[in-house]
Every structure is written in structure tokens, then in C-alpha cells.
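J.: Okay, handing you the structure first.
The values are calculated or read from the model by the stated rules, or taken from the named source; none is laboratory data. Source: prediction; values computed, not measured. Virtual Cβ from ideal backbone geometry, glycine too; neighbours counted across all protein chains shown. All accessible areas refer to the heavy atoms of the entire protein, side chains included, with ligands and DNA or RNA removed. Shrake-Rupley method; radii C 1.70, N 1.55, O 1.52, S 1.80 Å.
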Amino acid sequence: MKNATETVELPEHYPVSLKVNGQAYNLKLQPWVSLLDALRDHLQLKGTKKGCDHGQCGACTVLVNGKRINSCLTMAVMKDGEEITTIEGLAKGDELHPLQKAFIEHDAFQCGYCTPGQICSAVGLLNEGKANSLEEVKELMSGNICRCGAYTHINSAIMQVKGETGNE
Amino acid sequence: MKTNYTGQPANRVDGSLKVTGTAKYAAEFEAEGLLFGYIINSTIAKGKIKEIDISQAMQVAGVVQIFTHENVSGLAWFNKSYKDMDSPPGDPFRPLYDHKIRYSMQPIGLVVATTFEVARFAASLIKVTYKEEKLVTNLQDNLHRSKKAPMGKVGYVQPKSRGDAESVFAKAEYKIEGEYVHAAEHHNPLEMFATTAIWEEDGKVTLYDKTQGVSNVQLYISNIFGLSLKNVRVVSPFVGGGFGSGLRPQYQVFMATLAALELRRPVRVVMTRQQMFSFGHRPGTVQRVAMSADENGKLTSIQHEAYGETSQFEDYTEIVVNWSGTMYNCENVKLKYELVKLDVATPTDMRAPGAVTSAHAFESAIDEIAYAVKIDPLEFRKINYAEDDQVEGKPYSSKELRACYDQGAAKFGWSGRSIEPRSMREGNQLIGWGMANGAWDALQMPAKAQAVLSLDGKLTVSSGTSEIGTGTYTIMTQIAAETLGMDINDVTFKLGDTLMPMAPLQGGSWTAASVGSAVKAVCEEVKAKLFKLASKTKHSPLSGAAPKELTMAEGHIFLISDPGSRLSIIEVMRLTETDSIIESGMSGPDPAAKTTHSFNSHAAVFAEVKVDEDLGTVIVTRVVCAVAAGKILNPKTAGSQILGSVVWGISKALEEETVMDNNFGRFMNHNLGEYHVAVNKDINDIDIIFVEEHDDLVNPLGIKGVGEIGIIAVAPAIANAVFHATGVRVRDLPITMDKVLQLAEEDKNQVRV
Ligand code: FES
Ligand code: FES
């Protein structure tokens with residue numbers, strides 16, 4: 001980059017197919033576009049938040065093939081052909097996901113900016129069959145910062161849903 | 001259907017928007033042909049830009065324009081045009097105004113491009129050469145340059161001394177003194193500052209901005225760019241956290257507006273997380289406290305002085321030492337507050353500004369003096385309890401701090417505490433219990449609101465306030481529904497738009513009281529109108545009824561004497577052929593009440609820590625925070641505010657510190673990896689108690705606000721608990737393991753009981 005002379009070369013566009021919340025999208029993206037920016041700026045799915053763009057806050061958490069990742073630390077081209085679930089894809093129509101309901105009931109947020117990431121992380125946690133105790137939930141949710149400090153409410157929402165699904 | 005909503009733990013009305021990702025924040029508004037801005041910041045702290053070479057960056061395909069001080073013109077000339085509603089005295093920073101560098105990470109340019117990635121890449125190609133000047137950023141080394149803090153910032157009051165604290169102290173038998181320090185802290189709301197600026201054909205601009213005050217941004221932008229107020233619309237329906245950082249307009253709104261106006265295109269500018277450390281912080285402060293008491297534990301003298309940092313261009317002030325003159329009864333009080341100018345950005349209000357700084361030092365010192373006279377620290381506070389505001393010579397409108405002590409102590413189990421430090425342990429975990437208390441002003445500001453009741457019986461109330469996570473949407477909806485006896489689902493509250501009636505900045509814990517009172521007032525107007533209409537109905541049970549005979553509940557208007565005689569709101573409007581009722585209302589503080597009473601909220605905080613004897617690590621295992629803040633409109637959202645404040649307090653006590661490299665005048669840890677805030681695992685049991693507090697004087701709603709009171713006493717309660725656990729008094733925040741161990745090492749013979 002430093003030695004570039006007059007014309008500055010930009011990376012090429014590559015075809016990328018993403019299946020987001022069940023819908024297929026075919027995009028042409030430069031490799032430097034993060035999955036987070038692809039979702040927010042190219043697919044207009046703004047539910048996934050940017051809180052640092054450096055893997056330090058968890059606001060951008062989405063599920064790729066059911067596993068949670070920081071979408072800011074992933075280039076969109078790396079996820080070609082994969083299935084992505086964002087906060088917009090959790091509710092079934094008007095019926096909120098049990099974690100979404102529990103978050104409202106437990107007042108597990110204030111400003112709401114970390115919330116999509118918290119909920120996606122929690123969904124991933126439950127999918128992965130992890131988090132069998134409050135201590136584990138605390139540990140495994142520690143990659144999601146809530147600057148408003150709703151942690152204890154977040155944990156009780158997760159524990160409630162964990163309990164309900166465990167009893168089914 | 002019950003319609004007495006206030007006091008009920010209602011779920012947030014904006015809850016489903018927030019959990020589904022549909023609540024829209026400033027960077028999430030779209031426009032055709034949107035451009036992306038990326039801000040460049042200075043790498044030096046003081047000096048001049050010699051050259052800014054944008055030639056290579058301009059070659060990048062997709063770059064539309066690069067703004068620097070060299071090519072920006074037509075801005076307001078005078079400093080004062082850059083003042084905003086929360087400006088301290090001085091000359092506000094003017095972005096891209098000249099080649100001078102006043103602090104490290106000062107914004108010096110904006111790259112605008114067709115994509116975010118291109119703008120960011122092009123920014124990396126800009127070469128800036130500087131002429132550096134000698135800089136000063138070390139507060140502790142420059143205390144000798146301090147000067148008295150001037151008046152001028154809204155709400156700032158100079159501290160008042162009384163009696164003769166120095167000579168009483170000199171002669172006292174029981175006394176302590178100490179120096180307390182904390183470094184800069186940064187707000188770091190999770191949403192980064194962002195503006196989407198939409199230029200419109202007719203010369204108007206709409207700014208979707210992250211702010212705690214849309215009117216403030218409107219004023220600021222219109223002054224700088226010479227636009228009339230009506231040509232600047234600021235919209236902010238959701239704010240991803242503020243904590244004070246959004247009280248003043250931040251530089252991204254300037255950048256986005258500049259680019260949109262110049263390029264006549266919509267432009268979005270979002271700060272990076274690193275840039276969130278480049279515009280204001282809780283000022284690093286050095287405090288000295290000296291106190292004396294008699295053998296019965298009566299305070300005989302208090303001396304408290306504080307030195308806060310400020311920038312070279314503005315005098316940021318906050319109320320630090322004043323609290324030490326009102327917290328306890330004491331005849332001899334000497335207070336001093338001064339500023340030290342450094343080559344840093346102007347500090348900015350941060351959650352409970354001043355009070356939280358003060359309490360760390362003062363409430364730790366109270367613990368120290370209680371230990372000096374060998375009295376339980378809670379008992380000591382009760383002995384010195386201030387019934388009245390000794391500075392103003394006025395009673396408090398209400399003060400249930402004693403109830404906070406009693407209920408908090410009972411819940412915590414304080415009576416089981418042994419006073420001796422290092423007297424409780426589990427294996428190698430030293431256990432400590434500490435407590436502290438705090439106070440905050442219960443303020444009310446003038447605010448306006450509008451209400452529209454439509455024929456379908458739906459009410460929309462609006463006011464240009466903001467929702468930073470405090471629950472504004474919810475509590476305003478509750479107040480409106482209750483005042484008009486309507487189903488909460490028939491009421492909508494709107495906010496965050498300069499087209500709405502004006503509300504004060506959202507800060508200082510006054511939003512619920514200020515905007516809430518305006519909402520109540522405007523709903524009372526609607527009610528009066530409805531009563532009039534009801535009385536005009538022909539052949540109805542309410543025909544000819546006088547307003548005082550009527551009341552409202554459950555969506556109906558009825559006779560107080562005969563609740564069966566009633567009409568629904570919809571019936572009244574239909575029968576009187578009323579399409580809609582539109583009312584405006586306002587509310588402000590009662591000046592008469594202020595002359596007779598002082599208004600404070602209070603809290604007592606009890607904390608338990610476990611300190612690893614070998615490693616010095618501190619874990620806060622339990623906190624009980626008992627709050628007296630008048631009527632609580634919604635225990636759920638208010639509880640969350642207190643919960644968040646306690647988390648902030650724990651974070652402050654143990655983790656938060658922006659570390660300055662004084663050689664470069666630059667904050668070194670400007671990202672969330674190195675600036676630590678409390679994460680989930682750091683937080684354990686937190687119990688919140690709202691004690692009963694009845695107050696008819698403070699405002700029509702009897703509320704005091706809960707945004708700051710919860711944080712104030714947390715850090716000293718933890719510091720006191722660490723002392724109780726270890727016998728080590730760490731007077732320098734944050735309390736990290738190295739300090740605990742080092743002090744234990746150096747100071748083996750610390751005063752013990
Ligand atoms: S935005 Fe991805 S971790 Fe912060
Ligand atoms: S709700 Fe605001 S950051 Fe979590």
C-alpha cells in the first residue's frame with residue numbers, strides 16, 4: 001500500500017452467496033467487506049450492531065450454521081454458501097423467540113444496542129448445549145459487553161429459557 | 001382494566017423493537033446515494049499541521065472528497081457560535097478550523113467515499129506532517145498550576161466553606177488525612193457516535209444523530225453553518241447509551257453536516273471505537289481529604305479539596321467538593337475546587353459527574369475516621385446524620401436515607417460484621433464488607449409536550465426528549481395513560497425530533513421529572529377538554545356535569561358520585577362531533593419551593609468483596625443498593641437503571657482507567673480490549689431496594705430521578721470493603737491487584753484497629 005503510486009488499485013469484487021434467515025442473497029463484494037458490514041450496508045439488516053468492529057464487544061454476534069461468531073471479525077467472502085441467522089430471523093412471524101420474550105420480561109436491556117448480540121449469543125449457547133449452570137452462562141456470555149449493565153437480568157432471562165426448554 | 005399505571009413494573013413499550021433488532025439508531029437510516037465518511041485524527045497532542053497530503057488518497061476510485069482545514073470555508077468565525085447548551089466557560093473546539101493541534105486524536109479531516117471501506121482505506125493514505133510543541137498532560141505533576149474553577153457551566157455552584165476547619169483539625173485528637181486519585185474514564189456507550197445527514201433540495205438538512213438532546217444539536221449546527229433553526233431537523237428515536245457523552249454535540253455531526261451541505265448528498269459518519277476516546281471523558285482528579293472527630297464520633301472538621309483536569313480551551317467544571325458540605329452535620333468545613341489546564345480534550349459530564357468523584361474520596365475518608373474512633377462505619381454515619389441542608393440552611397423536601405441504612409443493612413446482614421480488618425476469610429479469600437452513601441440533586445427543568453387524542457380513542461403524546469435506555473418511552477406512556485385513565489395500549493409516546501415540543505437535555509436525572517411533569521400537564525389539559533365536552537353532550541348521563549363532579553378511568557369519563565353514569569372517550573368525542581383534541585402543555589420547576597427546601601435523592605450501598613490473599617485479585621460478590629428517590633414510576637425500568645449504575649460502580653472501582661502516556665499526551669488504551677469495563681462474569685449478586693419516600697414538594701409527580709443516584713456510593717463502598725478484607729487502604733482507583741499487593745507489602749504496619 002505504502003509504495004502505491006498514482007493510481008491506487010482496489011480489490012476486485014467476488015460473487016458471494018449468503019443464506020440469511022432462510023433467504024438466499026447473491027452479492028458481489030470486495031473481500032475487505034466484513035460480514036457485519038455486508039449484513040448492515042448491503043442487505044439492510046441493521047439488527048446486527050457494530051460496537052467496536054474489532055471483536056471486542058460482541059454486539060455483532062450472529063449465528064453461522066448455528067454457531068455464534070463475531071461478524072465484524074469475519075469477511076463476508078469467507079462465508080460464501082453458508083447459513084446465517086441474525087436477530088431478524090429469530091421470531092416466527094409475530095411470535096417472538098422464547099429468549100426475546102424472556103429478555104422483555106426480565107428487562108434484560110436498557111438502550112438495546114447490545115441486545116441483538118446478547119440474544120444471538122444466548123441462542124448459540126443453548127444450541128451448543130453449553131451453559132448448564134449460572135456460572136457457565138456468566139463465563140460464556142462474557143464476550144458480549146452490555147455497557148448499560150443489564151447482566152444479571154440477561155442471565156435470569158437465559159436461565160429461565162434454559163429451564164423451560166430443559167423441561168420439555 | 002386498571003389504569004393506575006405509575007408505580008407498576010410495566011414491561012418496556014419499546015421492548016419488542018429492541019429484541020427484534022428493529023429499533024433504529026443513528027447509523028441505521030438510509031438514503032438513496034448515501035456516502036460514507038471516515039474521520040482522520042491527529043497523532044500528536046500539541047503543535048501544528050505542517051502539511052496534509054491528500055493527493056494519493058484522492059486517487060482512490062470512489063473517493064468523493066476529503067475535507068481538511070485547508071479546504072473548508074464558510075464556517076462561523078467566532079468561537080461563541082460553537083457553544084452548545086452544555087458548554088463550559090471557554091472557547092469551544094472548532095473542528096477543521098485551523099492547523100492547530102490542541103490534543104491527541106483531535107479530528108483533522110474527513111474522507112468521503114462511496115463505500116465505508118474505500119473511505120477507511122483512503123484515510124490510511126493521507127500523510128500528515130506536524131510541527132510538535134511541548135505538551136503537558138500529567139495532572140499530578142501540575143497541581144501547582146491549578147486555578148479556581150470559574151462559574152458558567154449550567155448547574156455549577158461554587159463550594160462554600162464554614163467555621164474554621166483548619167484550627168479544629170490541628171488540635172483534634174482523632175483525625176485522618178489522605179490523597180485520593182483517579183485517572184480519566186471514558187463513557188463508551190455501546191453504540192458509537194454516528195450521524196446520517198440528509199441534504200434536501202430546499203436547503204434543509206435532516207440529521208439522524210446520536211445525541212442526548214436533539215435541540216442542542218439543532219442549535220449548534222444552525223449556528224455553525226449559518227442555517228435557520230427551521231432548516232435543521234434533528235431526529236434521534238433511539239440512542240445506544242449515552243451516560244453524558246451525548247450531552248454535547250460530538251464532532252461526527254459536524255463532519256456529516258459539512259459533507260452533506262458541501263456535496264449536496266446524504267452522508268453517514270460513524271466514529272470508530274478508538275475515536276470514542278477522542279472527545280471528552282470523566283476528568284482525572286486528585287483529591288485531598290482531612291477530617292477530625294471527637295471520641296463520640298461527632299465530626300468536628302472536614303477539609304476537602306479537589307483538582308480536576310481540563311483542556312487548554314475550556315474550563316470544564318463539576319460539583320465535587322460541595323457534597324462534603326451537605327452530607328453530614330459538621331460546623332467546620334473547608335472546601336476547595338480547582339482546575340489544571342492540560343493538553344487534553346475538554347472533559348465531559350459522565351454519569352453522576354462530580355458526585356461520584358467526590359464520594360470515592362469523601363466516603364472512603366469517612367470510613368477511615370470511623371476506624372480512627374473505632375466506631376462501626378454505619379453507626380458513625382448515623383451519628384453525623386444531616387437532617388437539613390447545612391449549606392443552604394434549608395430542610396430537605398424529603399430524606400429517607402435512614403430507611404436506606406436500615407433496610408440496606410438488614411438485607412445485607414451488616415449486623416453480623418466484625419469491625420476488625422482481616423477478620424473474615426474463606427481459605428485464602430479475605431472477605432470484606434464495606435458501605436458508603438451518596439446524594440444527588442433532584443432537579444426539574446422546563447419542558448413541553450403535545451397530546452393528540454383522535455376519534456378512535458388513541459392518544460399520541462410527544463416531546464423532543466430522548467431514549468438512552470432509561471425507559472423514557474415507557475414511563476411517559478404510563479404517566480399519560482394514568483392521567484387520562486386510558487388503556488396503556490391506546491397511548492403512544494414519541495420523542496427525539498426537533499419538530500416536537502422542546503425538552504431539556506437528557507441528563508442530570510431530571511428527564512422523568514421534567515418531561516413527565518409536562519406530559520402530565522398536557523394530559524390534564526386534554527382531560528379538562530373532555531370534561532367540558534362531556535358536559536355538553538345532550539341527553540347523556542353526563543349532560544351538564546361540572547368538571548369537579550367528573551373523573552376518568554378505564555377509558556371512560558364518569559360521575560364521581562355515580563360511577564355507573566359514564567361515557568367512553570370515544571362516545572364523548574362522537575356525541576360532540578369532535579374529530580380530535582390537540583393540546584400543548586408545559587411544566588417547570590416551582591421557584592417558590594426552591595426558596596424553602598433543598599431537593600436530593602439518596603442511596604446507601606453495602607458491598608462484599610473477596611480478595612485473594614496471594615494474588616490480590618478483588619471480586620465483588622454482593623452489593624445491596626438502597627435508594628430513596630421519591631415515587632418510583634416503574635420499579636422494573638428504574639430497577640434496571642440502578643442495576644446499571646451499580647455495575648458502573650463496580651467497573652469504576654476495579655477496572656476503568658484511561659491511561660495517559662505523558663510523553664506523547666495520548667491515551668494508550670483507547671479500545672475495549674484494553675479499556676476494561678465490567679463484563680458478565682465480573683458481576684455477581686446485586687440487590688436493589690427502593691425505600692418509601694413521599695414528596696409533594698419536589699414536583700407534581702413526587703419523583704426524583706434514578707439515573708445517577710445508584711452509582712455514587714458504589715466505588716467507596718467497595719474500597720471500604722477492600723480495606724475491611726485486607727487492612728490495605730487503596731486510595732487510587734481502580735483497585736487493581738498490583739496496588740493491593742504492593743500496598744500490603746510496603747505498608748505492613750498500616751493503622752489497624
Ligand atoms: S462489533 Fe464485533 S465484536 Fe464489537
Ligand atoms: S442494553 Fe445498552 S449496552 Fe446493553
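J.: On full extension of the chain, what length is gained from B:K382 through B:R145, given 0.36 nm per residue of separation minus the C-alpha to C-alpha distance?
T.: Roughly 81.4 nm would be gained on extension.
J.: What whole-number volume per residue, in cubic angstrom, does the convex hull of the C-alpha atoms of segment A:14-89 give? Show your work: numbers first, answer last.
T.: Details: hull volume 5.5 nm³, N = 76.
Measuring per residue, one finds 72 Å³ for the Cα hull of segment A:14-89.
J.: Report, in debye and to the nearest 20, how large the dipole of the protein assembly as shown comes out about its Cα centre when Lys and Arg carry +1 and Asp and Glu carry -1 on their Cβ.
T.: Charge dipole of the protein assembly as shown: 1240 debye, to the nearest 20.
J.: Right, another one. What does segment B:279-357 give for Rg and for Dmax, in Å, if only its C-alpha atoms count?
T.: Calculated on Cα positions, Rg and Dmax stand at 14.6, 48 Å.
J.: What does the extension gain come out to for B:H99 and B:Q429, with contour length at 0.36 nm per residue minus their alpha carbon separation? Walk me through the numbers before you get to the answer.
T.: Numbers: separation 330, 0.36 × 330 = 118.80 nm, distance 5.55 nm.
Working it through step by step, the gained length comes to 113.2 nm.
J.: Next question, about the same structure. What FRET efficiency comes out for the pair B:K548/B:Q8, r = Cβ-Cβ distance, R0 = 35 Å, nearest 0.05? Intermediate values should be presented prior to the final figure.
T.: Values: r = 27 Å, r/R0 = 0.78.
Once the sixth-power term is evaluated, E becomes 0.80.
J.: In a shell of Cβ-Cβ distance under 9 Å around B:G308, excluding B:G308 itself, what net charge do Lys and Arg (+1) and Asp and Glu (-1) give?
T.: -3
J.: Additional query: What relative contact order, as a whole-number percentage, does segment A:14-89 give when Cα pairs under 8 Å and 6 or more residues apart are counted?
T.: RCO, segment A:14-89: 41 percent.
J.: Quick one: if the Förster radius is 22 Å, what FRET efficiency do A:K28 and A:T7 give, using the C-beta to C-beta distance and rounding to 0.05?
T.: Plugging the Cβ-Cβ distance into 1/(1 + (r/R0)^6) gives 0.55.
J.: Zone of B:E201 (label point 7 Å along Cα→Cβ, backbone N under 20 Å): which residues in segment B:226-240?
T.: Answer for this model: B:231-233.
J.: Looking at chain B, I'd like the Rg to Rh ratio, where Rg is from alpha-carbon atoms and Rh is Kirkwood's inverse mean 1/r.
T.: Expressed as Rg/Rh, it is 1.00.
J.: Under a plain spin-label model, where a point goes 7 Å from the Cα along Cα-to-Cβ, how far apart in nm are B:M737 and B:T617?
T.: 0.5
J.: Regarding the protein assembly as shown, what are the three Cα extents along the principal axes, ordered largest first, in Å?
T.: For the protein assembly as shown, the Cα spread along each principal axis is 89, 78, 65 Å.
J.: Helix hunt in chain B: which complete DSSP H runs extend at least 27 Å axially by C-alpha with mean Kyte-Doolittle at least -0.5? Can you show the working numbers first?
T.: On the way: long enough: B:511-536 (37 Å, 0.40); B:635-654 (28 Å, 0.52).
Qualifying helices, which must be both long enough and hydrophobic enough, are B:511-536, B:635-654.
J.: Next question. Just grab the label-to-label distance for B:N296 and B:V157, each label 7 Å out from Cα along the Cβ direction, in nm (one decimal).
T.: 2.9
J.: Here's something else I'd like to know. Note down the magnitude of the dipole of chain B about its Cα centre, charges +1 on Lys and Arg C-beta and -1 on Asp and Glu C-beta and zero elsewhere, to the nearest 20 debye.
T.: 1160
J.: Picking from A:L125, A:Y113, A:V137, whose Cα lies most toward the positive end of the charge dipole for segment A:98-164 (charges on Cβ: Lys, Arg +1; Asp, Glu -1)?
T.: Checked the options; the winner is A:Y113.
J.: Considering amide H positions built from the backbone, and no H for Pro or chain starts, which residues 5 or more places from B:D687, or on another chain, come under 5 Å of its amide H?
T.: Here B:V623, B:V624, B:C625 satisfy the definition.
J.: Compute the relative contact order of chain B as a whole-number percentage, counting only Cα pairs closer than 8 Å that sit 6 or more residues apart in sequence.
T.: About 17 percent, as a whole number.
J.: When the dipole is taken about the Cα centre of segment A:98-164, and only Lys, Arg (+1) and Asp, Glu (-1) are charged at their Cβ, what size is it in debye, to the nearest 20?
T.: Charge dipole of segment A:98-164: 140 debye, to the nearest 20.
J.: Counting only other chains, and only Cβ atoms inside 10 Å, what mean value do you get across the residues of B:185-192?
T.: If you average over the peptide's residues, the count of other-chain Cβ atoms is 6.
J.: Let me ask something else. For a label point 7 angstrom out from the Cα of B:S167 toward its Cβ, which stretches of segment B:293-309 have the backbone nitrogen within less than 19 Å?
T.: B:293-294, B:300-304
J.: Net charge near B:K2: determine it from the other residues with C-beta under 12 Å of the C-beta of B:K2, scoring Lys and Arg +1 and Asp and Glu -1.
T.: My count for the surroundings of B:K2 gives -3.
J.: Which longest run of chain B has no exposed loop site in it, a site being chymotrypsin sites (Phe, Trp or Tyr not before Pro) in a DSSP loop with at most 11 other beta carbons within 10 Å, and the site itself not part of the run?
T.: Values: sites that count: B:W77, B:F78.
In short, B:79-753.
J.: Related question: Quick one: which residues, 5 or more positions from B:T492 or on another chain, have an amide H under 5 Å from its amide H? H modelled 1.01 Å from N in the peptide plane, none for Pro or chain starts.
T.: B:L459, B:T460, B:V461
J.: Right, another one. Under 12 Å from the Cβ of B:V340, count the other residues' Cβ atoms, weight Lys and Arg +1, Asp and Glu -1, and hand me the total.
T.: -1
J.: Can you send over the solvent-accessible area of B:D738, 1.4 Å probe, protein chains only, in Å² to the nearest 10?
T.: 90
J.: Mind listing the phi-derived Karplus ³J(HN,Hα) values for segment B:281-297, rounded to whole Hz, using 6.51, -1.76 and 1.60 with θ = phi - 60°, and x for any glycine or proline?
T.: Working through the residues one at a time gives 7, 5, x, x, 9, 10, 10, 10, 10, 10, 8, 9, 9, 8, 5, 8, x Hz.
J.: Let me see the pair-distance distribution of chain A: every alpha carbon pair, 5 Å bin width, integer percents in order.
T.: 2, 9, 17, 20, 18, 13, 9, 6, 3, 2, 1, 1, 0, 0
J.: Which one of B:I709, B:L35, B:N437 has its Cα pushed farthest toward the positive end of the charge dipole of chain B, where Lys and Arg give +1 and Asp and Glu give -1 at the Cβ?
T.: Going by the charge dipole, the pick is B:L35.
J.: Just grab the label-to-label distance for B:E331 and B:E32, each label 7 Å out from Cα along the Cβ direction, in nm (one decimal).
T.: 7.9
J.: Between B:S561 and A:D94, how high is the FRET efficiency from 1/(1 + (r/R0)^6) when r is the Cβ-Cβ distance and R₀ = 45 Å? Nearest 0.05. Provide the component values of the computation, followed by the final result.
T.: Values: r = 44 Å, r/R0 = 0.98.
My answer for the efficiency is 0.55.
J.: Can you give me the solvent accessible area of B:E331 with a 1.4 Å probe, rounded to the nearest 10 Å²?
T.: 130
J.: Can you give the calculated 222 nm mean residue ellipticity of chain B, where each DSSP H run of n ≥ 4 adds -39,500 (n - 2.57) and the sum is split over every residue, rounded to the nearest 500 deg cm²/dmol?
T.: After summing the helix terms and dividing by the residues of chain B, the value is -7500 deg cm²/dmol.
J.: Considering the zone a paramagnetic label at A:Q44 would reach in this model (a point 7 Å from Cα along the Cα-to-Cβ line), which residues of segment B:188-229 have amide N under 19 Å from it?
T.: B:196-199, B:208
J.: Once you have the alpha carbon radius of gyration of segment B:598-730, what is it after dividing by 2.2 N^0.38 Å, with N set to its residue count?
T.: On the way: Rg = 17.3 Å, N = 133, 2.2 N^0.38 = 14.1 Å.
Ratio of Cα Rg to 2.2 N^0.38 Å: 1.23.
J.: Now for a different question. Stick to Cα atoms and the Kirkwood definition of Rh, then tell me Rg/Rh for segment A:98-164.
T.: On the Cα set of segment A:98-164, Rg over Rh gives 0.91.
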